[in-house]
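In what follows, a single structure is set out as structure tokens and then discussed.
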Amino acid sequence: MTVSHALQQMQVPLLALVLVGACAAKMSRALRARSVTAVLDATSLFPPRLRRPATMAVCLTELCLGAGILLTSGRAWHGWAAGVRLATALFFLIAMCAVVELREFRPDLGCGCFGDLSSKPPGLRSVLRAGLLGAAGLVSIPAGELTLPPAGPAAALDLGILVTEFLLVAAVSPEVGEMLARLGYAEPCELRAAPPQRALAALHRSRSWRRQAHLICAGNPADMWRELCWWYLVYPGRDGTADCDVVFAVEVRPRRPAIRSAVVRRAGQVSPDDGFDRRQDAADGLSPAF
Amino acid sequence: MQGRPAGPLCCGRCAGAQATARVARRQYFRAAVFARPGALPGADDTPGPDDTPGAADRAERGAAGAGRFRTVTGTLVDASPHILVVGTGEGERRLTLRPGSPVWRGRLAAATELRPGERVVIRLAPGRRDVADKVWASIGRVAGTISASDAGQLIVDEGTTRRPQAVAISPAAANRIRVRFPQLEPGNLIDVIGLRRGATLEALIPATSQPADLASRVTRGAAVVKTSGRTFSGSATWHEPAEPGEEPRGVAYPAVDPAAGCAESGCAAAALTAPGPAELPYLAVGSLLSVRNECTGAARVLPVTGCGAAARLFHDRCLTCGTSPRGRVADLTLVSFAEMGGDLERACFNATVTVWP
């Protein structure tokens with residue numbers, strides 16, 4: 001087996017993997033968002049009524065081509081192999097043109113080539129990748145039937161070519177950086193949606209709650225709000241003969257949230273309304289809320 | 001609006017003074033629960049709270065940046081080429097117009113074109129209490145989802161806490177608006193600035209370009225630039241007060257925690273439950289934001305007074321001074337926008353917002 005023949009043959013698994021991966025990424029996005037048109041991408045070049053069918057057509061084409069390349073690589077259906085590989089090459093060349101168009105007319109949108117991972121506007125690397133994959137499709141046409149190489153230098157050559165090609169595709173794929181970032185990403189607490197019931201449950205189990213429970217004279221908080229990584233709960237209370245407010249801060253964290261508390265006496269407190277004018281003067285025209 | 005309850009499940013701007021009081025109480029409670037022993041009067045072992053601790057000082061420091069503007073809003077009583085008499089809640093004020101002070105009334109106009117009875121917003125010259133720097137007469141803005149369209153008049157839904165707004169597109173501005181907003185059928189988004197004529201806005205200026213998708217299909221755009229977890233940049237826009245008694249200074253924030261049951265976020269309309277324009281930290285009505293106008297350098301600390309229902313729908317950029325990162329990060333009240341040096345007819349300014357303190 002010559003190097004050029006090995007090079008031709010190794011395009012087949014590469015193309016199949018890229019096509020099936022792209023289809024899986026798009027379907028995963030659609031399933032999570034429960035909508036085919038969940039994210040704006042290259043199909044935004046079409047009129048709104050055509051976006052859904054266009055997205056479905058791209059996804060289906062990728063799946064068919066990916067599966068077709070794999071199925072025709074063996075002895076069975078090998079007669080269709082050249083046609084499928086030519087169609088794959090055409091598909092990637094059209095994709096390259098679409099990315100160029102997208103950069104021209106909607107430079108603010110991602111191409112959506114690999115679903116959510118392709119949300120950034122495509123750069124020259126994305127154009128280059130589509131072109132390289134198109135060229136790989138053309139190169140693979142005369143590769144013939146895909147066979148397992150005998151153990152030894154031939155297998156090492158095949159493996160080396162395959163790994164090199166994957167590294168080359170990764171180098172021209174902006175999605176790789178996004179994928180690595182996601183693998184190491186934990187959503188910051190200030191961006192995390194959290195039901196207030198969780199804060200209440202954590203509070204009622206806490207030592208702070210038990211310590212202040214004798215002051216609290218209502219079952220439900222008089223006010224409750226979320227700010228960044230903390231829930232705040234205010235309960236009306238009575239400390240001896242004076243009215244007070246018992247304030248709790250519960251951290252937005254799924255397990256063992258930090259909880260802080262304070263007792264604020266109401267006696268002698270100026271009502272907020274009375275304080276507004278004074279604060280407004282002090283704040284030099286800022287909101288009376290200060 | 002005054003009749004609406006100021007319950008914990010309502011946006012701040014639903015309830016006027018009651019909600020403003022709640023904003024102040026929340027600031028006080030937050031300071032109390034994080035105060036070190038002895039640092040806060042009235043918390044735990046140190047009784048006697050009577051003010052929001054240090055907030056005014058901190059706010060003043062935050063506002064001490066360049067470009068300190070004040071505004072006067074009210075009803076025009078009389079106008080001459082050099083003097084405006086404006087009726088405000090505290091009485092009449094006479095303001096001097098400097099030569100060259102711009103007066104906006106649908107376009108740049110002479111002061112004598114203003115009519116008594118018009119609502120005016122006047123930005124004062126820095127350091128002067130009675131000299132007008134710029135005047136806007138009868139300016140209004142409508143941003144939201146078109147709910148009905150009939151014979152050149154549109155009805156726009158701006159959220160559940162605001163009444164539907166009627167918009168009539170001025171024939172003189174129709175071409176300009178149709179270029180930026182080609183789809184004026186129900187379900188599409190619109191954001192226009194114009195002259196307020198009673199309950200109807202005569203649209204004259206498109207405030208942005210129409211998003212490609214229907215309001216019900218708004219999807220998350222690219223994230224705003226975040227320099228840290230508490231600081232983010234994007235576009236700051238403005239909105240008109242929903243009612244006369246509404247808190248004049250503040251921010252409608254697009255990421256008020258949905259679990260708080262804010263009326264606008266909980267709106268049944270799919271358009272208003274759209275994902276936010278960016279990954280913004282969850283805050284509540286009453287949170288403080290330091291908003292900096294990157295075009296003028298003016299900075300102010302303002303409370304979150306409501307949910308930016310309309311701001312959630314637009315993923316546009318502001319081009320007032322350079323190109324802002326995508327997404328509306330703050331929807332300021334009309335007065336706050338003008339006091340930060342923003343030109344109301346330009347719709348937005350590039351802003352950097354920091355959660356305060």
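The values are calculated or read from the model by the stated rules, or taken from the named source; none is laboratory data. All values reported here derive from a predicted model rather than from experimental measurement. As a convention, Cβ positions derive from the backbone with ideal geometry for all residues, glycine included, and neighbour counts pool all protein chains shown.
Some notes on this structure:
- Residue satisfying condition, being over 20 Å from the mean Cα position of the chain (by Cα) and in the same structural domain as A:SER73 (by TED's automatic domain parsing), within set A:LEU117, A:LEU109, A:LEU168: A:LEU168
- Residue count, region A:164-216 (criterion: of a type in the set (Phe, Trp, Tyr) and part of a helix (DSSP H, G or I)): 2
- Going through (1) in contact with a Leu (Cβ under 8 Å, 6 or more places away or on another chain); (2) closer than 30 Å to A:VAL99 by Cα one by one, A:LEU183 falls short only on (1).
- Scan of region B:257-298 for residues that are at pLDDT 80 or above, within 9 Å of another protein chain (Cβ to nearest Cβ) and not in a loop (DSSP other than H, G, I, E, B), ordered by number: B:LEU283, B:LEU288
- In region B:308-357, residue farthest from the other protein chains (Cβ to nearest Cβ) [restricted to those that are surrounded by 24 or more Cβ atoms within 10 Å (Cβ to Cβ) and among the aromatic types (Phe, Trp, Tyr)]: B:PHE349
- A:VAL84 falls short of the stated requirement of being assigned by TED's automatic domain parsing to the domain that holds A:GLY134, assigned to a helix (DSSP H, G or I) and touching a Pro at 6+ places or on another chain (Cβ under 6 Å).
- Residue in region A:74-81 that is surrounded by 24 or more Cβ atoms within 10 Å (Cβ to Cβ), of a type outside the set (Asp, Glu), more than 14 Å from every other protein chain (Cβ to nearest Cβ) and closer than 16 Å to A:GLN11 by Cα present: no
- Scope region A:156-172; condition touching a Leu at 6+ places or on another chain (Cβ under 8 Å) and either of a type outside the set (Phe, Trp, Tyr) or at pLDDT below 80 (or both); matching residues: A:ILE161, A:LEU162, A:GLU165, A:LEU168, A:VAL169, A:VAL172
- Residue match in region A:71-81 (condition: within 27 Å of A:ALA30 (Cα to Cα) and either in contact with a Gly (Cβ under 8 Å, 6 or more places away or on another chain) or in a helix (DSSP H, G or I) (or both)): yes
- Unmet requirement for B:ALA252, which otherwise passes all of (1) at pLDDT 60 or above; (2) part of a loop (DSSP other than H, G, I, E, B); (3) among the hydrophobic types (A, V, I, L, M, F, W, C): (2)
- Set A:VAL127, A:VAL99, A:VAL139: member being β-branched (Val, Ile, Thr), under 21 Å from the mean Cα position of the chain (by Cα) and surrounded by 14 or more Cβ atoms within 10 Å (Cβ to Cβ): A:VAL99
- When A:SER173 is tested against (1) out of contact with any Pro (no Cβ under 9 Å at 6 or more places or on another chain); (2) small (Gly, Ala, Ser); (3) within 12 Å of chain B (Cβ to nearest Cβ), exactly one condition is not met: (3).
- Candidates are the residues of region B:94-117 that are crowded, with 17+ Cβ neighbours inside 10 Å and within 25 Å of the chain's Cα centre (by Cα); the one that is nearest to the other protein chains (Cβ to nearest Cβ) is B:LEU95.
- A:SER118 vs. criteria touching a Lys or Arg at 6+ places or on another chain (Cβ under 8 Å), modelled with pLDDT under 90, within 14 Å of chain B (Cβ to nearest Cβ) and more than 21 Å from A:THR164 (Cβ to Cβ): no
- Of all residues in region B:168-188, none satisfies being under 19 Å from B:LEU334 (Cα atoms) and either small (Gly, Ala, Ser) or touching a Ser or Thr at 6+ places or on another chain (Cβ under 8 Å) (or both).
- Condition check for A:ALA154: over 16 Å from A:LEU15 (Cα atoms), surrounded by 12 or more Cβ atoms within 10 Å (Cβ to Cβ), in the same structural domain as A:CYS64 (by TED's automatic domain parsing) and of a type in the set (A, V, I, L, M): yes
- Test result for A:PRO288, of a type outside the set (Gly, Ala, Ser), at pLDDT below 85 and loosely packed, with under 14 Cβ neighbours inside 10 Å: no
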